[in-house]
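Asker: If you scroll down you'll find the structure; I have some questions about it.
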Amino acid sequence: MILSVDDVEFSYQSKSVLKNVKFKVNKGEVVSILGVNGAGKSTLLKCVNRMLKPKKGAILIDNFNLNTLNSEEIARKMAYVSQSVNGNYINVFDAVLLGRKPHIKWEVSKKDLEITGNVLRLMNLEEHALRYTKELSGGELQKVVIARALVQEPQILLLDEPTNNLDLKNQMAVMKIIRDISKSQNISSIVVMHDLNLTLRFSDKFIMLKDGMIYSKGNSDVINSKNILAVYDVNAYVDNYNGIPIVVLA
């Protein structure tokens, strides 16, 4: 176990957003957080990254309480990819290299440059290294942001709707990268998702939120007609096609 979220509660002023949230994540797992808009998914991710401070409860990384770590120590253990991504006039190599900031003491080292180059190769971004991020497609830009998170060498990768605004091909490509890297580098990935079919294809475990509370959690068995109706208020059934579970709206 790498991450433990224990009885977390969070409120925006007097409005309760998260209540009694409790779960654990193991190394190498891809865990999807599911639910309708406003269920508390992004808020939960920000609490895990200490961008927001829970009203109650504890978050442990390798048995260290998050509240005992400073921001630099957290950045060495966790990387966060937000749902809104915009390019600018910085080239891809430098944009990815920025992810090494928590590890840089005085100046960029040979190791920092090597890690950045390795991650660019891993993400198939080498040919774009000198292009401005402003010139990239949505899928390419999303890979850059994930690459920047990976050069942090995190134990935990947090991604808020990483397939947002991507076409079908790039949705598949980005989720495959997340899963492959989680397995090959033993990184725990926690992903906020809307697409249940993508979720079923690439995730190991699932957390379904409803009204700020965990309605159901576990393996793919929790993605069933009863839970989908309760959480999303839509009728659907789960079928199987060539060994791949799929959600079909009724």
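Asker: Could you work out, for segment 160-250, what percent of all Cα-Cα pairs fall into each 5 Å distance bin, beginning at 0 Å and stopping at the bin that holds the largest distance?
Answerer: 3, 12, 23, 24, 22, 13, 3, 0
Asker: Relative to the longest principal axis of the chain, what angle (0 to 90°, nearest 10) does the C-alpha long axis of helix 138-150 take?
Answerer: Computed tilt is about 80 degrees.
Asker: Report the percentage of all Cα-Cα pairs in segment 3-249 whose separation exceeds 23 Å, rounded to a whole percent.
Answerer: Summing the P(r) tail past 23 Å for segment 3-249 gives 51 percent.
Asker: Sum -39500 (n - 2.57) across every DSSP H segment of at least 4 residues in the chain, then divide by the residue count to get the 222 nm mean residue ellipticity, nearest 500. Let's see the in-between values first.
Answerer: On the way: 8 runs with 80 residues, N = 250.
It comes out at -9500 deg cm²/dmol, rounded to the nearest 500.
Asker: Residues of segment 135-162 with the amide nitrogen closer than 19 Å to a label point 7 Å from the Cα of ASN63, along Cα-to-Cβ, please.
Answerer: 155-156
Asker: Also: With each pseudo-label sitting 7 Å past Cα toward Cβ, what's the ASP167-ARG131 distance in nm, one decimal?
Answerer: Reported label-point gap for ASP167 and ARG131 is 1.3 nm.
Asker: Fewest first, what order do GLU107, GLU140, GLU127 take by the number of other Cβ atoms within 10 Å?
Answerer: By the 10 Å Cβ count, ascending: GLU107, GLU127, GLU140.
Asker: Okay, next question. Using Cβ counts within 10 Å as a stand-in for footprinting exposure, how do ASP167, ASP204 rank, fewest first?
Answerer: So the ranking, lowest neighbour count to highest, is ASP167, ASP204.
Asker: Among PHE202, PHE64, PHE93, which comes first, then next, by fewest other beta-carbon atoms within 10 Å?
Answerer: Ordered from fewest to most neighbouring Cβ atoms within 10 Å, PHE202, PHE64, PHE93 come out as PHE64, PHE93, PHE202.
Asker: Tell me the angle of helix 110-122 to the major Cα principal axis of the chain, expressed in degrees between 0 and 90 and rounded to the nearest ten.
Answerer: Helix 110-122 sits roughly 50 degrees off the main axis of the chain.
Asker: Which percent, nearest 5, of DSSP beta bridges in segment 3-249 are antiparallel?
Answerer: In segment 3-249, DSSP labels about 60 percent of beta bridges as antiparallel.
Asker: Moving to a separate point now. Excluding residues fewer than 8 places away in the same chain, name every one of the lysines whose C-alpha is closer than 27 Å to that of LYS169.
Answerer: Cross-link targets: LYS41, LYS134, LYS143, LYS183, LYS205.
Asker: Going by average Cβ neighbours within 10 Å, how do the peptides 74-81, 183-190 rank, with the highest at the top?
Answerer: Values: 74-81: 20.6, 183-190: 19.0.
Result, highest mean first: 74-81, 183-190.
Asker: Once you compute Rg and the Kirkwood Rh from C-alpha atoms, what is the Rg to Rh ratio for segment 40-176?
Answerer: Result for segment 40-176 is an Rg/Rh of 0.98.
Asker: Considering the zone a paramagnetic label at ASN26 would reach in this model (a point 7 Å from Cα along the Cα-to-Cβ line), which residues of segment 178-217 have amide N under 18 Å from it?
Answerer: From segment 178-217, the list is 179-191, 202-207, 217.
Asker: Using only the alpha carbons of segment 118-202, determine the length spanned along each of the three principal axes and report them from longest to shortest in whole angstroms.
Answerer: Extents along the principal axes, in whole Å: 35, 27, 16.
All of the numbers you see were taken from the coordinates with simple rules; none came from a lab. Since this is a predicted model, take the numbers as computed values, not measurements. Neighbour counts are summed over all protein chains in view; Cβ atoms, including those assigned to glycine, are modelled from backbone coordinates with ideal geometry.
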